[in-house]
1. Please list, ordered by residue number, the strands (runs of 3 or more DSSP E) wholly in region 155-249 having 2 or more residues that are touching an Asp or Glu at 6+ places or on another chain (Cβ under 7 Å).
2. Return the pair list, or none, for Cβ contacts closer than 8 Å from residues in region 137-164 that are farther than 15 Å from Ala189 by Cα to residues that are at pLDDT below 95, at least 6 apart or on different chains.
3. Has region 200-210 got any residue that is within 22 Å of Lys81 (Cα to Cα) and acidic (Asp, Glu)?
4. Just to be sure before I move on: is Asp92 loosely packed, with under 15 Cβ neighbours inside 10 Å and in contact (Cβ under 8 Å) with a residue 40 or more places away in the chain in the structure I sent?
5. Take Pro202 and decide whether it is touching a helix residue (DSSP H, G or I) at 6+ places or on another chain (Cβ under 7 Å) and farther than 25 Å from Glu149 by Cα.
6. Please work out which residue is surrounded by the fewest Cβ atoms within 10 Å (Cβ to Cβ), limiting yourself to region 192-249 and to residues that are among the acidic types (Asp, Glu) and within 18 Å of Leu142 (Cβ to Cβ).
7. Going by the structure shown, is Leu155 closer than 21 Å to Lys94 by Cβ, in contact with a helix residue (DSSP H, G or I) (Cβ under 9 Å, 6 or more places away or on another chain) and crowded, with 16+ Cβ neighbours inside 10 Å?
8. Would you mind stating whether Val138 is over 26 Å from Pro202 (Cα atoms) and within 17 Å of the chain's Cα centre (by Cα)?
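The values are calculated or read from the model by the stated rules, or taken from the named source; none is laboratory data. Since this is a predicted model, take the numbers as computed values, not measurements. Positions of Cβ are generated from backbone atoms using ideal geometry, with glycine treated the same way; all protein chains shown enter the neighbour counts.
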Amino acid sequence: MKKGARNTKRDRRTRIMRASLIALAVTVAASMIAPGLARAHSEHAMKPQPTQLAAADAHAGHAGGHANHANHASHANDDVKLPEDVVVRFADVKLLDQNSRERSLKADVIGDRIVVMDFVYTSCTTVCPVVSAIMGEVQQKLGGRVGREVALVSLTVDPVRDTPARLRDYARSRGAGAGWSWLTGSTTAVNDTLKGLGTWTPNFEDHPVVMMVGDGRSGKWTRFYGFADPAMLVAQVESLIAARAATRE
């Protein structure tokens, strides 16, 4: 056999072996990650949602005592709701971004851009890392439009612990680029903001898994429940951009 033929055959075997190793690595990684995602979803599903929290408090008051929200966890296993259009209100407060700059969510961060927003806290080890990973996928899919016509916003639900510096470190660990703002502030300012967006809960650890996509110009907002598909969020962004284009025709 000629030397060139032997080299070609050896190269082919090398490529096959490399492909097999990559496939094996992907399989192993998937088997390690999938249980974590399932566990995160399951753990969050066992936490009461805002309406259930309110119902629990009302029931506790009627019974003459304060019921533990965990006693109502069995009612939190309903199917994830479909996306729905919502009306939001922006509190007239100042927040702080990850660079300690004072910002108005409506005027400074959103402006007239299309927005994808999530709600997390940095000490969360189950749900929030998954939500941040979804946001990272959205950032990747939108590419250079982030920071220009699209803004990504992560608002902490734990302003007491999540200082700007802590958010900055967390943002870096999640691969956040320009155009992705991480916001905190005083407890009053953050809570007022969350209430206006319909995502506040008395206990921040019970916050719902929610992401929102909206148009700062038209005021159209859609709320997505659970671990939203990044492609679905991007599709909503594209739909809002197309709606803008149609109004100019």
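1. Working: elements: 180-184, 210-215, 221-225.
Result: 180-184, 221-225.
2. Hits for this filter: Val146/Ala178; Gly147/Ala178.
3. Going through region 200-210, the residues within 22 Å of Lys81 (Cα to Cα) turn out to be 200-210.
Next, from what is left, pick out any that are acidic (Asp, Glu): 205-206.
Yes: region 200-210 contains one or more residues that are within 22 Å of Lys81 (Cα to Cα) and acidic (Asp, Glu).
4. Numbers: loosely packed, with under 15 Cβ neighbours inside 10 Å: yes; in contact (Cβ under 8 Å) with a residue 40 or more places away in the chain: no.
It is false that Asp92 is loosely packed, with under 15 Cβ neighbours inside 10 Å and in contact (Cβ under 8 Å) with a residue 40 or more places away in the chain.
5. Values: touching a helix residue (DSSP H, G or I) at 6+ places or on another chain (Cβ under 7 Å): yes; farther than 25 Å from Glu149 by Cα: yes.
Yes, satisfied.
6. Taking region 192-249 and keeping what is among the acidic types (Asp, Glu), we get 192, 205-206, 215, 229, 238, 249.
Next cut, within 18 Å of Leu142 (Cβ to Cβ) only: 215, 229, 238.
Working: Asp215: 21, Asp229: 12, Glu238: 14.
Step by step, filter region 192-249, then rank; the result is Asp229.
7. Working: closer than 21 Å to Lys94 by Cβ: yes; in contact with a helix residue (DSSP H, G or I) (Cβ under 9 Å, 6 or more places away or on another chain): yes; crowded, with 16+ Cβ neighbours inside 10 Å: yes.
The answer is yes for Leu155.
8. On the way: over 26 Å from Pro202 (Cα atoms): yes; within 17 Å of the chain's Cα centre (by Cα): yes.
So Val138 passes the test.
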